[in-house]
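The values are calculated or read from the model by the stated rules, or taken from the named source; none is laboratory data. Computed from a predicted model, the values in this text were never measured in an experiment. Neighbour counts are summed over all protein chains in view; Cβ atoms, including those assigned to glycine, are modelled from backbone coordinates with ideal geometry. The area values use the complete protein model at the heavy-atom level, side chains included, leaving out ligands, DNA and RNA. Shrake-Rupley method; radii C 1.70, N 1.55, O 1.52, S 1.80 Å.
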Amino acid sequence: LLVLAVLHAFGKEGEIGLDTACAIEMIHTYSLIHDDLPCMDNDDLRRGKPTNHKVFGEGMAVLAGDALLTLAFEVVANQSKYEINPSVKLELVLELARAAGAEGMVGGQVADIEAEENGVDLQGLEYIHENKTGKLLGYSIMAGAILAGASLEQKEKLREFSRHLGLA
């Protein structure tokens, strides 16, 4: 919804962001599958239903998450329904890698696991939320801006907004 809302704010058709929005949901879903695993949060239920690893086994859950993660990048890179400049696709892929990887969601998850063992102060808690959840929310906003052809100044304002939203 954030991708589409930003496109709408720029007067662009939301449909040009559907592939990217779906890729974000793929990454979100992979992160939930992995987060539920016994080696992470060890959850038996997600939204009132048995978790992926409870239904299909741990190995299949890991592979399902891995497949969703890699498919997300394929979906962003192969968008073809609308003419999207290859440089725009490259920017989308690069920003997604940063948001989902060690600089973002994965880094936040690492800090979250460490906090469970060692405790966490306010600064550490903010880091976890800014990264584990916030970076993917931020990417949703920035992806809309990238697809809309936002200026550097507009992107910086939206990046600032997305940081605040992610922390909230």
Being under 21 Å from ILE141 (Cβ atoms) and either in a helix (DSSP H, G or I) or open to solvent by 50 Å² or more (accessible area, probe 1.4 Å) (or both), is that true of even one residue in the stretch 32-47? yes
Considering only the stretch 97-106, state which residues are part of a helix (DSSP H, G or I) and either of a type outside the set (Gly, Ala, Ser) or in contact with a Leu (Cβ under 9 Å, 6 or more places away or on another chain) (or both). ARG98, ALA99, ALA100, MET105, VAL106
On the given criteria, is GLY59 open to solvent by less than 30 Å² (accessible area, probe 1.4 Å) and of a type outside the set (D, E, K, R)? no
Given the residues LEU90, LEU94, LEU69, which is the only one that is in contact (Cβ under 8 Å) with a residue 40 or more places away in the chain, aliphatic (A, V, I, L, M), out of contact with any Gly (no Cβ under 6 Å at 6 or more places or on another chain) and open to solvent by 20 Å² or more (accessible area, probe 1.4 Å)? LEU69
For the stretch 3-11, state whether one or more residues are open to solvent by less than 80 Å² (accessible area, probe 1.4 Å), within 11 Å of GLY144 (Cα to Cα) and among the β-branched types (Val, Ile, Thr). yes
From LEU90, LEU94, LEU63, LEU18, which residue is over 30 Å from GLU116 (Cβ atoms), outside any loop (DSSP other than H, G, I, E, B) and more than 16 Å from the chain's Cα centre (by Cα)? LEU90
